[in-house]
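Only one structure is covered here, and it is reproduced in the block below.
The values are calculated or read from the model by the stated rules, or taken from the named source; none is laboratory data. Predicted model, so just to flag it, every value in this text is computed and none were measured. So basically every Cβ, Gly included, is an ideal-geometry build from the backbone, and we count neighbours across all protein chains shown. For accessibility, only protein heavy atoms count, side chains too; no ligands or nucleic acids. Shrake-Rupley method; radii C 1.70, N 1.55, O 1.52, S 1.80 Å.
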Amino acid sequence: MSADERQRLLGAVSPAIPTYDGIDDNVSQGVDDMTGLTSNEPTGQTYRKLPQYVAALSAAGGALAAGTVLGWTSPTQIALVDQKEYGFEITGEEFSWISSAMTLGAAAVCIPIGLMINLIGRKPTMLLLVLPFTIGWALIIWAVSVPMMLIGRILVGISGGAFCVTAPMYTGEIASKEIRGILGSFFQLMITIGILFVYAVGHGVNVFTLSIICAVIPIIFGVIFAFMPESPLYLVTKNKISKATDSIKWLRGEKYDHASELADLQQQMEEIRAQPVSLAVALRRRATIRALVISMGLMFFQQTCGINAVIFYTTNIFEAANTGIEAGVATIIVGVMQVVATFISTTVVDRLGRRILLISSISVMSICTILLGVYFFLKDQDAAKVSNLGWLPIVSLCIFIIMFSFGFGPVPWLMMGELFASDVKGFAGPMAGTTNWILAFVITKTFPNLVDAMGTGETFWLFSGLSILGLIFVFFIVPETKGKSLSEIQDLLNRSGQVTHTESATTVSNLSESELKN
């Protein structure tokens, strides 16, 4: 079982484009009304959802490419290490470094890429990431030595890690607040689809062919994303008001009255410019500190909940249960569960809210790791004691992965794109992303040492304890951001007093009649 698998299975359109797809506006309006792809703001103003879905899915194409990077080592380990498909020897330890090298590249790039997106924009930065993706995959495809493969993995890790920062940020800025949750969840959904894609394709082709297929995905992303608009918020920060207007109209539709949204964005910028502060001062603001605590805390508990350990033991658990399912098929099953659960999370995140997904997710995960701990504790003492309990780890593993994908997989990346003000987003957001990738590397590398020092069952119980701490953290610290604009979220974070678990009740009480009917 590879280190990568353990760590994640587990984040200006041209004015010449007048209307989406060139469809007659009256016809498209009727189609949108029937399919739910238009929506009414509280003021009664109608805006289009379809272009936002297209832009968010296009941005998530980078996440699909990142998912292939994460999943690549699982179907390739036997071929490269045991069968020596590439003609040179790769030891188990060397392959472990090949697997985990991408996390080091991802951790190293998060903060630099955050500065870059503020310098040249969200869209150009994401398009430029196609270059290291392509070079990295080329080095992997035609590798003649372990160092060459390591460099390739670092380069694709740089691109994958950068997308974990840029894609959620871009999506959070282009989306209407009513659908920002579902669009933000596309990122994690596409990552899980990328992982499943590699598992399925890698089960039937050799490493060389699989790597070529993976290399094509970021190129396709670049071609599609070139036609998407730049973030209106970024354009306003650069005083490109005309382009910001074009971007909003592209995203919301020609009939949408962009004036109020544009005025809101300009007001945010004017307030920041009226009291210009250095980055160091901005990072000391109450809202920024709280956003950092929330975002980095969510990333910490995402990695310490035990996802690496559970996936590490996937093959062993299936074998212990005597299911007769081979390892490759077992990983595909796990991948399917991740995709399905993440998709369900995507459809309900704007109805149920972020907090309830996080709370339900980590609560059930803590129970699952307790049960896994019991199973392995008893097995280490006497394997005969668990001879009839093969179903217990299988059920615990499946439920754990489903609940992780339902809440703590996608929501931390979604909230990272929501919580920070525009003047610190390019630095603070990447700090959370860096935390995630460093923890992914450290925990993956130290997990075998924990098992040796404490025992398998006790290690799972340690993860249970950390999950319970994560539950307390979410309940008392994490606010509900569902249905709030980015400026409203900043107001919420600046507010004094308790704004966490009581926020959910307030949000529910403020639901409109139409939302309740849905």
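Quick notes on this structure:
- Above-threshold pairs, the threshold being 22 Å between Cα atoms, out of Lys49/Lys238; Lys123/Lys238; Lys255/Lys482; Lys49/Lys240; Lys49/Lys484; Lys249/Lys482: Lys49/Lys238; Lys255/Lys482; Lys49/Lys240; Lys249/Lys482
- The accessible area of Val329, taken with all protein chains in place and a 1.4 Å probe, comes to roughly 50 Å².
- Within the shell of other residues whose beta carbon sits under 11 angstrom from the beta carbon of Leu235, the net charge comes to +2, with Lys and Arg scored +1 and Asp and Glu -1.
- C-alpha center-to-center spacing [region 366-385, region 449-485] in angstrom: 19 Å
- Going by accessible surface with a 1.4 Å probe and the largest first, Asp452, Asp350, Asp491 read Asp452, Asp491, Asp350.
- Heavy-atom accessible area, probed at 1.4 angstrom with all protein chains present, ranks Tyr375, Tyr86 as Tyr86, Tyr375, highest first.
- Shape parameters for region 99-167, alpha-carbon atoms, Rg then Dmax in Å: 12.1, 38
- Both radii come from the Cα set of region 108-260: Rg as radius of gyration, Rh as Kirkwood radius; their ratio Rg/Rh reads 1.04.
- Protection proxy ranking of 154-167, 414-427, 209-222, by the mean of other Cβ atoms within 10 Å over each peptide's residues and highest first, is 154-167, 414-427, 209-222.
- Rounded, prolate or oblate (a/c below 1.5 giving rounded, otherwise prolate when a/b exceeds b/c) for region 53-163 by Cα gyration tensor: prolate
- Listed residues Arg290, Arg153 arranged by accessible area, highest first, probe 1.4 Å: Arg290, Arg153
- When the convex hull of its Cα atoms is viewed from all sides, region 382-439 shows a mean projected area of 5.6 nm².
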